[in-house]
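Peer 1: Below you will find the structure I want to go over with you.
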Amino acid sequence: MPPTKNGMNASECISAMQKCIRRGLEREAMEFACELMHSTKGYFTWVTNRLEIISHEDIDTAASPHIVPFVHTAMIQARAWYDAEKPDKSRLAVGNAIRMMCRAPKSREGDHFQGAVGLRSLAEGYCPPMPDWGLDMHTAAGKRMGRSWDHFLSEGVKLFPPPAEKDRYQDEAHRLWMLDEQGRHRPRDVGAAAVVAAAEQGKLALPEAEAATDPDLSWLEAGRPLAAPLTPAIRKRLAEQLYGSGSWTMQRIAKALGVSAMQVSRDLDGFNSALKPPRPKGGRPKGR
């Protein structure tokens, strides 16, 4: 590591700059920054990178949350404006960041927080216990426990400290979420009874006439009536068989079964994609 323009140790200058910012010594911090910036472009970049770290390490981000985005933006500008022959523009951005941080409330809590929690995980192998309220309807475990919107709205969305009063949209949103969920799970008639019966056995089979005329199952998209309801278990098996056929995308399955693409994605969770045959050369057939 070469010395600075005045023969100083660059690492020591970086260290002194940060200590000056911690102590609120803005002029001294800027002097060490200039010693580095006026030496090489590499040292200039080092200064800008370190100032972004300082905005997280030494500033009370809870009291002054604007500091981090300001310093980040200023350092982007400083790098864009860098000119070894005319350093005043980049120096302006660096100086403003230094002044703002020197005058801001200080705190080392952010650095202590990441060290205390992060190193407990890495150095001591700590594994956090899963709280019961973490298992809601959005998790596989929560679904197995039969948890639904009622549990989510009573436990999953709890806030601490709680709001002083309800927001103006809360009741309406809760009502519509539950209505939407009921609509998604309402039994639908979408195909042939033979498909449902086969799906319940873990395999998809069509009547001979259906298979002969439409072996790729695109008749589902026409909304042909079913005698039996499409239950979640049957829907999951249908999704796996259709997706495994190699010609059906999740979006196409969702449209045919009358559910969201997200629901199809959940139904395919854990599906062994290795069972899906390779797509023929030339890509997906047109018109599908």
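Peer 1: If you scan region 59-116, which residues turn out to be among the hydroxyl-bearing types (S, T, Y) and in a helix (DSSP H, G or I)? Before the answer, list the steps.
Peer 2: Narrowing region 59-116 to residues among the hydroxyl-bearing types (S, T, Y): 61, 64, 73, 82, 90, 107.
Passing the criteria: T73, S90.
Peer 1: Please count how many residues of region 1-17 are part of a helix (DSSP H, G or I) and of a type outside the set (S, T, Y).
Peer 2: Looking only at region 1-17, we keep the residues that are part of a helix (DSSP H, G or I), and these are 10-17.
Imposing the further condition that a residue be of a type outside the set (S, T, Y) reduces the set to 10, 12-14, 16-17.
Selection size over region 1-17: 6.
Peer 1: Are any residues in region 82-104 more than 21 Å from I14 (Cβ to Cβ) and touching a Ser or Thr at 6+ places or on another chain (Cβ under 6 Å), and if so, which ones?
Peer 2: Passing the criteria: none in range.
Peer 1: Where the second residue is of a type outside the set (A, V, I, L, M, F, W, C) and assigned to a helix (DSSP H, G or I) and the first is closer than 10 Å to W133 by Cβ and lies in region 151-167, which pairs have Cβ atoms under 6 Å and are six or more apart or on separate chains?
Peer 2: none
Peer 1: If I filter region 59-106 down to residues being of a type in the set (D, E, K, R) and within 14 Å of E26 (Cα to Cα), which single residue comes out as nearest to the chain's Cα centre (by Cα)? Lay out the reasoning, then the answer.
Peer 2: Quick first cut of region 59-106, residues of a type in the set (D, E, K, R) only: 60, 79, 83, 85-86, 88-89, 91, 99, 103, 106.
Now narrow it down to the ones that are within 14 Å of E26 (Cα to Cα): 91, 99, 103, 106.
Values: R91: 35, R99: 34, R103: 34, K106: 30 Å.
Selected residue: K106.
Peer 1: Continuing with this model, one more query. Counting residues that are acidic (D, E), closer than 25 Å to D180 by Cβ and modelled with pLDDT of 75 or more, which helices (runs of 4 or more DSSP H) fully inside region 217-288 reach at least 1?
Peer 2: On the way: elements: 232-244, 250-257, 261-267.
Those helices (runs of 4 or more DSSP H) span 232-244, 261-267.
Peer 1: Kindly indicate whether T48 is modelled with pLDDT of 95 or more and assigned to a loop (DSSP other than H, G, I, E, B).
Peer 2: Details: modelled with pLDDT of 95 or more: yes; assigned to a loop (DSSP other than H, G, I, E, B): no.
When the stated conditions are applied, T48 does not pass them.
Peer 1: Looking at (1) buried (at least 20 other Cβ atoms within 10 Å of the Cβ); (2) under 30 Å from A116 (Cβ atoms), which one does P65 not meet, given that it meets all the others?
Peer 2: Against the list (1) buried (at least 20 other Cβ atoms within 10 Å of the Cβ); (2) under 30 Å from A116 (Cβ atoms), P65 comes up short only on (1).
Peer 1: Give the residue that is farthest from R175 (Cα to Cα), with candidates limited to residues of region 143-162 that are in a loop (DSSP other than H, G, I, E, B) and not hydrophobic (A, V, I, L, M, F, W, C).
Peer 2: Here is the first cut: in region 143-162, the ones in a loop (DSSP other than H, G, I, E, B) are 145-148, 157-162.
With the extra rule that they be not hydrophobic (A, V, I, L, M, F, W, C), the set shrinks to 146-148, 158, 161-162.
On the way: G146: 20, R147: 17, S148: 14, K158: 17, P161: 24, P162: 21 Å.
That would be P161.
Peer 1: Of the residues in region 18-44, how many are of a type outside the set (G, A, S) and part of a loop (DSSP other than H, G, I, E, B)?
Peer 2: Initial filter on region 18-44 (of a type outside the set (G, A, S)): 18-23, 25-28, 30-32, 34-38, 40-41, 43-44.
Imposing the further condition that a residue be part of a loop (DSSP other than H, G, I, E, B) reduces the set to 23, 25, 38, 40.
Residues that pass the stated criteria total 4.
Peer 1: Something else: Any residue in region 255-268 that's among the acidic types (D, E): show its pairings with residues that are assigned to a loop (DSSP other than H, G, I, E, B) at Cβ separation under 9 Å, as long as the two are six or more apart or on different chains.
Peer 2: As it stands, the answer is D267/V259, since those pairs meet every condition given.
Peer 1: A follow-up question, please. So which pairs qualify, if the first residue must be in region 97-112 and buried (at least 20 other Cβ atoms within 10 Å of the Cβ), the second must be basic (K, R), the Cβ gap must be under 6 Å, and the two must be at least 6 apart or on different chains?
Peer 2: From region 97-112, no pairs qualify.
Peer 1: Another question, if that's okay. Quick check: anything in region 135-146 of a type in the set (V, I, T) and at pLDDT 85 or above?
Peer 2: Yes, there is a match, as at least one residue in region 135-146 is of a type in the set (V, I, T) and at pLDDT 85 or above.
The values are calculated or read from the model by the stated rules, or taken from the named source; none is laboratory data. This structure is a prediction, so every number in the text was calculated from the model and none was measured. For neighbour counting, all protein chains shown are included, and Cβ atoms are generated from backbone atoms with ideal geometry for every residue, glycine included.
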